[in-house]
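The values are calculated or read from the model by the stated rules, or taken from the named source; none is laboratory data. Remember, it's a predicted structure, so these values are computed and weren't measured experimentally. Positions of Cβ are generated from backbone atoms using ideal geometry, with glycine treated the same way; all protein chains shown enter the neighbour counts.
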Amino acid sequence: MKLHLVNRSSLKNNAFSAKLNRYPYFLKTWHYHPELELVSVIKSTGTRFIGDHIGKFEPGDLVLIGKNLPHMWHNEEAYLDPNSTLMAEAIAVHFREDFLGETFFSLPEMRTINGLLTRSRRGLYFKNIPADILDSVHEVLLLEGFKKTMSFLALLERLAHHKTVEYLASERFVDSFKGSAHQNLVQVYEHVYKNFDQPITLNEIAALAHMNPSAFSRYFKRVNRMTFSRYLNEIRIGYACKLLLEAKYNIATVCYDAGFNNISNFNRQFKAIKGMSPSTFIKKYETAVP
């Protein structure tokens, strides 16, 4: 799963872009770009990867992804079937932080939107979003010129005041990923996301960073404020939660699909990271769903 930098230099001729993406399935490409991205899912289901966050997506979801935050949308297997007639559809708005000028969002009147853009560095999932906000995203897609810009500003203002928002990527992921100082970890993150459901040894991962295992362990812990094994387990448990929430798999199946080689270790790591057992997690989710 190579990490791709997406070039949207065409935005230099536009303040921002709004596009309706409609494909048999979303491209499984782990990528990042300097533009922020607002995504409104219209059709299809699957798994979203945003930084070190793994979760399911479905129609009605609205997510704001900060600049240079790696992400990917992966549809469920049914969409990948060559004979499938299913379609994946989403509206994506791409814009730079300075799309209205370098100082525009520094104005006192823009402080709420400026705060929203700052918070987006970790990725934001807007829960319980009302239908009229989703309609506003569609309106931005249809309008042109001045009206399009004003409509988008009004949309950002409403999102800045929305109360039920979930941060996606962890603070430590964002801190460790940004800048060129830790570019030798980029291949490590790529390898983990591609192979977290398979055995991964410290020796092979250290080799990707061109370090010996002990030096890599110290370096990774200093950058991420956790050991590599803890980081790997958090990725695996995040994926396990996604599978459990889909309610299609039993705990034993999830254990092995997430990369663990025995149930007891899976249960131990799940409790250490989520603060509860997998079965309690399932019950808690079931009681929260009407």
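Structure values in brief
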read-out: Residues of the stretch 121-131 classified as over 11 Å from the mean Cα position of the chain (by Cα) and not charged (D, E, K, R), total; value: 5
read-out: Enumeration of residues in the stretch 110-166 that are among the aromatic types (Phe, Trp, Tyr) and loosely packed, with under 13 Cβ neighbours inside 10 Å; value: Phe146
read-out: Segments classed as helices (runs of 4 or more DSSP H), wholly inside the stretch 189-252, with at least 2 members that are without any contact (Cβ under 8 Å) to a residue 40 or more places away in the chain, touching a helix residue (DSSP H, G or I) at 6+ places or on another chain (Cβ under 8 Å) and over 22 Å from Ala169 (Cα atoms); value: 202-208, 213-224
read-out: Answer from Tyr256, Tyr239 - the residue that is closer than 19 Å to Thr47 by Cα, at pLDDT below 85 and not assigned by TED's automatic domain parsing to the domain that holds His53; value: Tyr239
read-out: Test: residue in the stretch 167-174 that is outside the structural domain of Gly51 (by TED's automatic domain parsing), of a type in the set (Val, Ile, Thr) and either in contact (Cβ under 8 Å) with a residue 24 or more places away in the chain or closer than 21 Å to Gly51 by Cβ (or both); value: yes
read-out: Matching residues, the stretch 238-263, being surrounded by fewer than 14 Cβ atoms within 10 Å (Cβ to Cβ) and among the basic types (Lys, Arg); value: Lys248
read-out: Gly259 being within 21 Å of Gly55 (Cβ to Cβ) and in a loop (DSSP other than H, G, I, E, B); value: yes
read-out: Residue check for Phe99: in contact with a strand residue (DSSP E or B) (Cβ under 6 Å, 6 or more places away or on another chain), at pLDDT below 95 and outside the structural domain of Arg225 (by TED's automatic domain parsing); value: yes
read-out: Check on Ala181, exposed (fewer than 12 other Cβ atoms within 10 Å of the Cβ) and modelled with pLDDT under 95; value: yes
read-out: Failed criterion for Gly123 (all others in (1) assigned by TED's automatic domain parsing to the domain that holds Gly55; (2) more than 18 Å from Pro70 (Cβ to Cβ) hold); value: (2)
read-out: Within the stretch 66-109, tally of residues that are touching a Phe, Trp or Tyr at 6+ places or on another chain (Cβ under 7 Å) and exposed (fewer than 12 other Cβ atoms within 10 Å of the Cβ); value: 0
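A quick yes/no check of all residues on (1) out of contact with any helix residue (DSSP H, G or I) (no Cβ under 6 Å at 6 or more places or on another chain); (2) closer than 15 Å to Pro34 by Cα; (3) touching a residue at least 60 places away in the same chain (Cβ under 8 Å):
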position	(1), (2), (3)
Ala92	yes, yes, yes
Phe95	yes, yes, yes
Leu100	yes, no, yes
Leu107	yes, no, no
Arg111	yes, no, no
Leu117	yes, yes, yes
Arg122	no, yes, yes
Ile129	yes, no, yes
Leu134	yes, no, yes
